[in-house]
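Presented below is the structure to which this report refers.
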Amino acid sequence: MMKSIFIDKEITYTGRELSPHWIYRNFNVEGSAAAAFIGPVRVDLSEMVDIEDVINNEPIKSDKMLNFIIEDFEIGLYNMVCLQRLFICIIKEVLEGRGIQVKRNGDDLFYEGRKLSVSIATKSITSSLIHTALNIVKTGAPIEISSLNEMGIIDIKEFALEILEKFTDEIDDMNFAKSKVRGVF
């Protein structure tokens with residue numbers, strides 16, 4: 001079972017939050033979980049997990065983003081990358097359900113040709129982790145970006161809760177699907 005929480009306080013995401021048990025240590029939600037929070041993003045190259053971004057000297061910055069951290073204690077990195085792509089597809093579905101057309105390229109979402117999201121999956125010594133964030137405003141990034149506000153999404157908490165619910169429901173349904181079948185010989 002995947003638990004979820006929306007954190008009702010602003011948190012600056014620095015990259016250090018993408019660490020094992022961050023959700024449990026800070027918000028008392030143990031086990032596999034997805035957390036959402038709002039805040040600026042300021043990831044220096046020294047905290048970057050994406051080696052390609054480090055090589056290209058592309059730190060992540062934005063004045064205000066909707067951040068998600070997902071931690072799972074059962075799956076490896078390849079499967080976490082698959083889960084990351086599923087999570088991005090769920091976000092795309094939620095946006096399209098609101099009449100907003102976005103394009104997905106791998107683990108990135110684009111609106112009107114401008115980047116809406118950042119996302120990375122990684123492995124720790126005890127778990128696999130995802131950080132995904134969506135720009136709420138169009139300021140503070142080193143590139144031209146799109147934002148949830150320009151799409152008319154103002155109630156960010158409601159939007160985040162919808163994504164978390166769809167994601168955790170999907171995980172629960174996947175767990176049921178793997179337990180309901182008879183093995184074949």
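Here GLU96 does not fit the description of being charged (D, E, K, R) and either crowded, with 20+ Cβ neighbours inside 10 Å or closer than 14 Å to LEU129 by Cβ (or both). The residue that is farthest from the chain's Cα centre (by Cα), counting only those in the stretch 1-17 that are open to solvent by 20 Å² or more (accessible area, probe 1.4 Å) and under 19 Å from GLU74 (Cα atoms), is MET1. Counting only strands (runs of 3 or more DSSP E) that fall entirely inside the stretch 100-183 and contain at least 2 residues that are in contact with a Ser or Thr (Cβ under 9 Å, 6 or more places away or on another chain) and closer than 24 Å to LYS3 by Cα, the qualifying elements are 117-123, 128-135. THR122 passes every criterion in (1) farther than 21 Å from ILE23 by Cα; (2) crowded, with 16+ Cβ neighbours inside 10 Å apart from (1). Pairing each residue of the stretch 132-161 that is open to solvent by less than 10 Å² (accessible area, probe 1.4 Å) with any residue that is modelled with pLDDT under 95 and not in a helix (DSSP H, G or I), provided the two are 6+ apart or on different chains, yields no C-beta distance under 6 Å. Taking residues in the stretch 34-57 that are loosely packed, with under 14 Cβ neighbours inside 10 Å, and partners anywhere that are among the hydroxyl-bearing types (Ser, Thr, Tyr) and part of a loop (DSSP other than H, G, I, E, B), the pairs with Cβ atoms closer than 8 Å and at least 6 places apart or on different chains are ASP44/THR14. Evaluate the stretch 80-91: report whether one residue or more is farther than 16 Å from SER19 by Cβ, in a loop (DSSP other than H, G, I, E, B) and open to solvent by 20 Å² or more (accessible area, probe 1.4 Å). The answer is no; no qualifying residue exists.
The values are calculated or read from the model by the stated rules, or taken from the named source; none is laboratory data. The model shown is predicted, which means the values in this text are computed figures rather than measured ones. Here the Cβ is made from the backbone with ideal geometry for all residues, glycine too, and neighbour counts use every protein chain on show. These area figures cover heavy atoms from the full protein model, side chains too; ligands, DNA and RNA do not enter into them. Shrake-Rupley method; radii C 1.70, N 1.55, O 1.52, S 1.80 Å.
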